[in-house]
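I have placed the structure first, in the form of C-alpha cells, so that the comments after it can refer back to it.
The values are calculated or read from the model by the stated rules, or taken from the named source; none is laboratory data. Given the structure is predicted, the values throughout are model-derived calculations rather than measurements. Note that each Cβ is placed from the backbone with ideal geometry, even for glycine, and that neighbours are counted across all protein chains shown. These area figures cover heavy atoms from the full protein model, side chains too; ligands, DNA and RNA do not enter into them. Shrake-Rupley method; radii C 1.70, N 1.55, O 1.52, S 1.80 Å.
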Amino acid sequence: MEKKYDHQLSEAAAQQQWQEHKTYAMENNPGPLYSIDTPPPTVSGTLHIGHIFSYTQTDIIARYKRMNGYSVFYPFGFDDNGLPTERYVEKKRNVRGHEMSRSEFIALCTQESHEAAEIFKKLWQKMGLSADWSETYSTISDDSRKISQESFIELFNKNYIYRKQEPALYCTTCRTSVAQAELDDLQVPSFFNDIIFKDSDGNDLIIATTRPELLPACVAVLYNPDDVRYKHLHGKKAIVPLFGQTVPLLPDDLVAIDKGSGLVMVCTFGDKTDIIWYKKHNLPYRHVIGLDGKCTDNAGFLQGLKVADARATVIETLREQNLLPRQQPITHSVNVHERCKKEIEYTILPQWFISILPYKEKFLEMADSINWHPAFMKSRYNDWVENLAWDWGISRQRFYGIPFPAWHCQDCGKILLAHPNQLPVDPQETPYQGSCPQCGKNNIKPDTDVMDTWNTSSLTPYICYDVFQKINGNTPTSPFQENALRSWAQMSMRPQAHDIIRTWAFDTIVKSWMHNGIAPWKDIVISGHVLADSKEKLSKSKNNASMDPVTLLQQYPADAIRYWTASGRLGQDMMFSEEQLKIGQKLITKMWNAFLFAQPHLTNLSAPHTPPQNIGAINKWLLHTISACFEKYQQYLEQHEFGLALNMVEQFFWSSFCDNYLELIKNQLFNPEQYKAEEVEATRWTLYHAGLRILQLYSPYLPHITETIYHELYAQHEALQSIHQTRYQDVQIPYIFVDEAEIINDVITIATQVRKLKSEKQLSLKTPLTTMNVFMQTAALSDKIEKIKQHDQLIRGVTQAVSINYHAADNQTSLLTEKDGAWHAEVVIE
C-alpha cells in the first residue's frame, strides 16, 4: 500500500474494474430478485448536489441488498419527456417550440437529451452508483412511447379514460394545461376591490373581487339565499360595469354571507369555484383570457393586454368613473404552476382525463399495502388523496412528448384508437387507415395533444419490466399481459423524494391498480431535500444549486461526498455541509492508515480461513463486539435507515477497533517474543477477519476505498474479485463471547483511564509507569480481579506499566503522580 491514499487514481481504477468485470450485473450476483424502481432524473441541464444526495442513498440500499444475497435489478433511466426538457432546449438553442415545426423541435430535444443523459451517466459513475449501465431507458424512447400508448388504449377500453370539453387548469406561460398535482400555492400581495354593479332597477350593488380584469367574463352574480340583505333580488338582473352585459342574480348556498359584501360575481373562469357554479347553474361561457395569456376580443377595450396590464387598466378606469369606492390591500394564496411559478388560469379545452375521483378509497387501500419509510410519509399521501378535487387531466398542448394514439371523426365524434401493432404512432404523421367504423365517413383528424409527462413516468415499473427482459436476453413482450407481468408488477422498492408523493408515487399507484389491481411496490423509501442557506431546497429553477458536483469531485473523494449523503435521517431535509465532507475525508484517511498499519501483519498468514483453536480473550472481545455491531447495522438497513446503520459502524471502527483494539495489540505485534506464538497468530488472524468485516460494512457507503484496500490486502486470499460481491452471511460470522467481552471491557477501562491521565499531564502515551494500582470498587469482585490478572501482559503493553497491583476497595479516585522522576498511576474500575 502507498503511504497516502490517492482518491482520484483509486476511484478511476475501481470504476474501470467494475465496468470491465460487470461487477454489479445480475448474472454475476445470483440470488432472489430485488428490483428497484429508480427515479429517472429530468434531463434539463445539469445535476446539483441535491440529486447526488438522494440517488446515492438509493445506491447504499442497493449495495446492501446485493451483499445481503439478492440479485439486484437496479435500472437507470432518464426522464427526457416533459416540459423541463422543452424549456431547457428552448433556452439553450434560443428557439421557441411553437414557432417551429413539430418534427424539427423534437429532433432538437432528442439530440440535447442524449447529450445531457451521457453527461449525467458519467457523473453517476464517478459517484460510484452500482446501477446496471448495460441497459438504460429513456421516457421518450420508442419502447417507452409504445408502453405509454398501450397503457392509454387499455385504460380507455377499461373506461378509466375519457375525453371531454372541460374547464382545465392552464399555464399561459408554458402554453399547456396542467394537472392539480403540478400546482403550488404562493402567497402574493393584492387588493380586494369593491366595485359598483347596478341591478335592473338601477340600484347599486357592491361586489368585492381580487380579479377585476375578469369583469368582461362575468356571467352571473350570486348571493346566499339566507342573506336577508339580498332576498329581494330574486329573479332580477345585474348590469356589469364598464362592459355592460346583463347577467342573472341567483341564490347559492356556497356564497359566504360574511365575506366581502355577500355578493360574488361568477366569471369564466377565475377559480375552481367559478367552475362549480358554471356547471351547477348552466351558465354561458365567455372566453376572455386566451391561451397566450392575453385578453381576447370578448374583453372589449382590454383586448390584447396581458392579465397584469388588463387589471391595472380596469382599476384605473373604474376609479375614473367613480365605480371603485374602496380598495383593501391583502395577501392571499394563489395557484401557480410549479415549473414557472406563474399564476394559473382556467380555460375550456377538449381534454383527456383519467377518472380518479370515484376510486379514492381504493388508492388509500393501496397505500396501506405498501411499507412506507419513514412511516409518517404515508399521511402526506393520504392527505393528498382525500383532498383531490379533479380527475387527472393528462392532455398537454406541447410539442415534445408522447402523442395520444387517437384520431377523431369530425362527422359523428367517434374516437378512433390505434391498433397495438401500430405502436408507437404519431397520428399527425400517420393518417388513420380506412373510414370511420361508426358513420362510414372519411372526415377524420388526428389528436394533436401529447400526454402529461407523469402519465409516462407513472409507468416506470412497466418500463423497467421491458428493460429487465432485455438484460436477461428475452424478446420484450407487452408488460400488460397478465401472465407475463403478474409475478413482476410489484417491484421491491421505490425510492423518491417527498415533494413528488402527490405526483410520481400517487400516479404510479393509480396506474398499477388500474392495470393489475395491486400496489406497484412492496416498499417506498422517501428521501429529504438538500437545503440552501435560505432553507429552500436546492434546485436548478431557483438558481441556488451553488455546490456543483463536478467541482466537488475535484476537491473531495467521491466516498467523502457519499459519506455526507448518508449522514442524514431518512425522509429529513438537511443543509449542505462542506464540514461533513471534511469529516468523511478524515474517515477515509483514518481507514487507509489503519489498514496500512495492519498490512505487514496480514502478509504470509499461514491459514487465513482456518480459525485458531484458541482465539484469545482480546480477539474474542473484538469478534463479539463487531458481531453485535453487525446485528444492529442489519436491523437498521432492513428498515432503510442507512444513517443509523452508518453510526453503528462509525462507533465500532473509531472506538472499538482503532482506539482500543489496535492499541491493545500493538505490543503483541511489535514484541511477539513476549507472547506465545499461537497468541500472536490468533491476533493476526483476527486482525485479518475484522478488517475484512469492516471493509464490508463500510462498502455500501465508501465503495472506492473499500475496493482499493480489498485488492491490496484481501483479493489474493479471497475467491471473489470484488469486496462488493462478497456476502454478509459468508463474512459477518456471528460470535458470542459474553464473559471475555466483559473482562476486556474492564481492560479497556484501565487503558482508557491511563491514556486520559497521561494526556492531562501532557505526557507521551509511551511514558512508562513504575507502578499502577488497579482498584475494584466492590470487595466481592475478587474473582473478577483474578480474571483481569490473566491479561497482565496485555495491560502492561498498552499502559507501559512495569508493576501492576490489584485491590478491592471503595471510594478511590483515578490519579497520576510523580515521585523521584517516576510516574505512578491509580485507576478505578466501577
* Asked: Helix 578-602 versus the longest principal axis of the chain: what is the Cα-based angle in degrees, 0 to 90, to the nearest 10?
  -> 30
* Asked: Which value, in Å², gives the accessible area per residue of the stretch 306-434 when a 1.4 Å probe is used on the protein heavy atoms?
  -> 47
* To do: Give, as a single signed number, the net charge of other residues whose beta carbon lies under 9 Å from the beta carbon of Trp454, with Lys and Arg counted +1 and Asp and Glu -1.
  => -3
* Asked: Does the stretch 748-830 classify as rounded, prolate or oblate by the C-alpha gyration tensor (a ≥ b ≥ c root eigenvalues; a/c under 1.5 gives rounded; else a/b over b/c gives prolate, otherwise oblate)?
  -> prolate
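At a Förster distance of 30 Å, what's the computed FRET efficiency of Gln651 paired with Lys22, Cβ-Cβ distance as r, to 0.05?
0.30
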* Under 1.5 on a/c is rounded, so check that first for the stretch 686-830, then, if it is not, pick prolate when a/b is larger than b/c and oblate when it is not; a ≥ b ≥ c are the square roots of the alpha carbon gyration tensor eigenvalues. => prolate
* Lysine pairs within the stretch 1-134, Cα separation less than 28 Å, 8 or more sequence positions apart or different chains -> 16
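By per-residue mean of other Cβ atoms within 10 Å, what is the highest-first order of 221-228, 599-606?
221-228, 599-606
Looking at the stretch 783-830, which trypsin sites (Lys or Arg not before Pro) are DSSP coil and have at most 13 other C-beta atoms within 10 Å of their C-beta?
Values: sites: Lys784, Lys787, Lys789, Arg796, Lys819; in loops: none.
Here no trypsin sites (Lys or Arg not before Pro) fit, given the DSSP loop and packing criteria.
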* Asked: So how many Å³ per residue does the convex hull of the Cα atoms of the stretch 272-415 work out to?
  -> 231
* Take the Cα atoms of the stretch 711-795, build their convex hull, and give its volume per residue in Å³. => 186
* To do: Starting from the amide H of Ile356, placed 1.01 Å from N in the peptide plane, find each other amide H under 5 Å away whose residue is 5 or more places distant or on another chain.
  => Trp392
* **Relative packing of 141-151, 233-243, which averages over residues the other C-beta atoms within 10 Å, highest first** => 141-151, 233-243
* Length gain on complete extension for the stretch Thr817 to Arg569, per 0.36 nm per residue less the alpha carbon to alpha carbon distance? -> 84.7 nm
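If packing is taken as the average count of other Cβ atoms within 10 Å, what order do 496-507, 645-656 fall into, highest mean first?
Working: 496-507: 20.8, 645-656: 19.2.
Packing proxy ranking, top to bottom: 496-507, 645-656.
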* **Pairs beyond 29 Å (Cα-Cα), from Lys341/Lys362; Lys279/Lys378; Lys666/Lys761** => Lys341/Lys362; Lys279/Lys378
* Can you give me the pair-distance distribution of the stretch 198-330, C-alpha pairs, 10 Å bins, whole percents? -> 12, 44, 36, 8, 0
* For the chain, find the longest principal axis of its Cα atoms and tell me its angle to the long axis of helix 703-713, 0 to 90°, nearest 10. => 30
* To do: Pull the list of the chain cysteines that no other Cys approaches to under 4.7 Å, Cβ to Cβ.
  => Cys109, Cys218, Cys267, Cys295, Cys340, Cys464, Cys629, Cys658
* Theoretical gain in end-to-end length, Lys259 to Phe376 [0.36 nm per residue, Cα-Cα removed] -> 38.5 nm
* **C-alpha long axis of helix 642-651 to longest principal axis of the chain, angle in °** => 20
* Asked: Which value results for Rg/Rh of the stretch 114-221 when Rg is the Cα radius of gyration and Rh the Kirkwood radius based on the inverse mean 1/r?
  -> 1.22
* **Spacing of the two label points (7 Å from each Cα toward its C-beta) at Asp271 and Asp143, in nm** => 4.7
* Asked: What shape does the stretch 581-634 have by the C-alpha gyration tensor, where a ≥ b ≥ c are the square roots of the eigenvalues, rounded means a/c under 1.5, and otherwise prolate means a/b greater than b/c and oblate the rest?
  -> oblate
* Unit Cα scatterers, Debye sum, the stretch 373-483: log10 I(q)/I(0) for q = 0.15 Å⁻¹ -> -0.91
* Mean residue ellipticity (222 nm) of the chain, computed from DSSP H runs ≥ 4 via -39,500 (n - 2.57), nearest 500 -> -12000 deg cm²/dmol
* Spacing of the two label points (7 Å from each Cα toward its C-beta) at Asn614 and Lys91, in nm -> 7.2
* Carbon/sulfur fraction of accessible area - the chain, other protein chains in place, 1.4 Å, % -> 48
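Send over a whole-number figure in Å² for the accessible area per residue of the stretch 670-817, probe 1.4 Å.
Details: 6710 Å² over 148 residues.
Result: 45 Å² of accessible area for each residue.
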* Structure fact -> So Ala308 and Lys590, fully extended at 0.36 nm per residue minus their Cα-Cα distance, gain in nm 95.4 nm
* Structure fact -> As a percent rounded to 5, the proportion of antiparallel DSSP bridges among beta bridges in the chain is 65
